[in-house]
Amino acid sequence: MADYQVVFKPYDKSIRVPAGTNLLRAAMEAGVHINASCGGSGSCGKCRVVITEGSVEGGLSARLRDDEIAQGYRLACQATVVGDVTVTVPLESTVDASILDKRAAPRHTARVKAFDFESIKEQGFFVPPVEKIFVDLPAPTAADHEPDLTRLINALRQQHDEHRLSPDLPFMRKLPDTLRRNDFKSTVTVLRPVRDGRSNRLVNIEAGDTRGRLFALAVDIGTTTVFGQVVDLHTGEAVAQHGDFNGQIRFGEDVITRITLAEKPGGLEQLNQAVLDTTNKVIARILAQAKVDPEEIPTVTIAGNTTMTQLLLKINPRYIRHSPYVPAATLYPPVRARTIGLEINDHARALVFPQVSSYVGGDIVAGVMGSGMYRSAET
């Protein structure tokens with residue numbers, strides 16, 4: 001099957017796609033966001049584009065006037081690529097991701113910094129689930145040939161009174177070489193259990209003393225946007241932040257449309273991959289901005305409404321839409337970020353904010369906690 005080049009103006013973005021590719025999908029793959037609130041059914045008429053060079057097949061609609069059709073207007077969701085083509089996306093048809101970074105401008109960041117961070121810590125709502133511990137181990141000798149893990153755990157008990165320690169497999173893979181990289185002086189990252197009685201997990205090890213660098217990710221999965229921050233866990237401040245439009249937009253702007261798609265064969269997989277693609281791009285960008293190595297990230301905390309949370313976790317939200325409107329769960333255990341498709345590292349854990357009900361999600365819970373509303377007598 002032949003491939004053709006599609007150029008999108010005024011962005012000067014281009015992509016080669018096979019013949020027969022839907023024009024709206026080609027735009028999304030090229031990183032051009034076009035309004036399609038009906039999910040590509042052709043009923044909303046918002047994905048209007050102008051064919052300025054070449055031609056497409058289809059794209060005509062009763063939602064286009066005769067004079068618009070004569071000018072080259074087509075609906076992107078109803079058009080397919082049949083040759084090289086240049087497409088102009090009118091302003092009214094586009095969603096511009098650059099406006100999202102205005103949320104990261106100083107005047108907006110100031111609202112975050114205005115929170116009483118010390119008060120939040122005193123109330124017990126800023127307790128990072130991870131800690132870095134520096135250990136200086138005696139090197140093995142012919143007379144002292146304990147295994148590396150035994151040597152490390154003994155040192156953690158003796159030097160720091162750490163007990164109930166269990167290593168992750170990715171940790172074990174790094175252990176031997178890392179210990180020897182800096183004369184057995186290393187920093188381990190310990191993940192504290194969510195519930196009492198469970199083991200403290202050894203999730204990462206770094207050569208030397210890296211206690212001064214302790215970062216985590218915070219991600220808001222919204223219906224329209226995905227916004228992320230790299231947070232310094234020593235200060236609570238965001239050292240980098242960025243947002244982008246949720247890739248699910250091309251399937252519909254509201255949660256009901258997306259739930260409807262999730263009920264169709266292959267729909268859940270499409271929606272899950274779309275939000276993962278967006279989230280991974282946001283994470284990669286903020287880590288680069290902050291100059292933080294992905295290996296330094298032990299946790300990513302995620303807040304989203306109930307439907308967005310289930311779509312991220314690839315749990316079908318169909319029953320949220322049907323009476324009696326029951327979600328799959330309101331509490332989720334910590335899981336490896338890579339297990340749910342987040343491309344950070346092998347050891348990072350994803351911590352998902354709890355929900356209250358089908359339509360009161362983790363985004364609201366996070367907002368109530370972060371804003372301090374819970375301290376108000378009026379609420």
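Taking a 30 Å limit on the Cα-Cα distance, which of the listed pairs K185/K291; K264/K291; K13/K46; K9/K291 fall beyond it? Distance filter (> 30 Å) returns K264/K291; K9/K291. Angle between the Cα long axis of helix 169-181 and the longest principal axis of the chain, 0 to 90 degrees, nearest 10? With rounding to tens, the tilt is 60 degrees. Just so you know, the averaged projected area of the alpha carbon convex hull for region 130-207 sits at 5.0 nm².
Toward the positive end of the charge dipole of region 313-363, about the Cα centre and with charges on Cβ (Lys, Arg +1; Asp, Glu -1), which of H322, I344, S357 goes farthest? Value: H322.
Placing +1 on the Cβ of every Lys and Arg and -1 on the Cβ of every Asp and Glu, with no other charges, gives the chain a dipole of roughly 500 debye about its Cα centre. With angles folded into 0 to 90 degrees, how steeply does helix 148-160 sit against the dominant principal axis of the chain? Use alpha carbons for both and round to 10. The helix 148-160 is inclined about 70 degrees to the chain. What the Kirkwood sum gives for the chain is a hydrodynamic radius of 23.5 Å, with every pair of different alpha carbons counted.
Taken about its Cα centre, region 130-207 carries a charge dipole of about 300 debye when Lys and Arg each add +1 at the Cβ and Asp and Glu each add -1 at the Cβ.
Antiparallel beta bridges, as assigned by DSSP with both residues in the chain, represent about 75 percent of the total such bridges.
Report note on the peptides 280-286, 73-79, 310-316: ranked by the mean count of other C-beta atoms within 10 Å, highest first, their order is 73-79, 310-316, 280-286.
Rg/Rh for region 158-315 (Cα atoms only, Rh after Kirkwood) is 1.06.
Each of A284, N204, C77 was placed along the dipole of the chain (beta-carbon charges, centred on the mean Cα), and the one lying farthest toward the positive end is C77.
Helix 267-290 and the long axis of the chain differ in direction by around 60°, with both axes built from C-alpha atoms. P(r) tail for region 3-95: Cα pairs beyond 16 Å make up 44% of the total. Relative to the Cα centre, the charge distribution of region 245-379, modelled as +1 at Lys and Arg Cβ and -1 at Asp and Glu Cβ, gives a dipole magnitude of about 180 debye.
Every number here is computed from the coordinates shown, using simple stated rules; none is lab data. Note that the coordinates shown come from a computational prediction; the quantities given were computed from them, not determined experimentally. Heads up, the Cβs are rebuilt from the backbone with ideal geometry, glycines too, and the neighbour counts pull from every protein chain shown.
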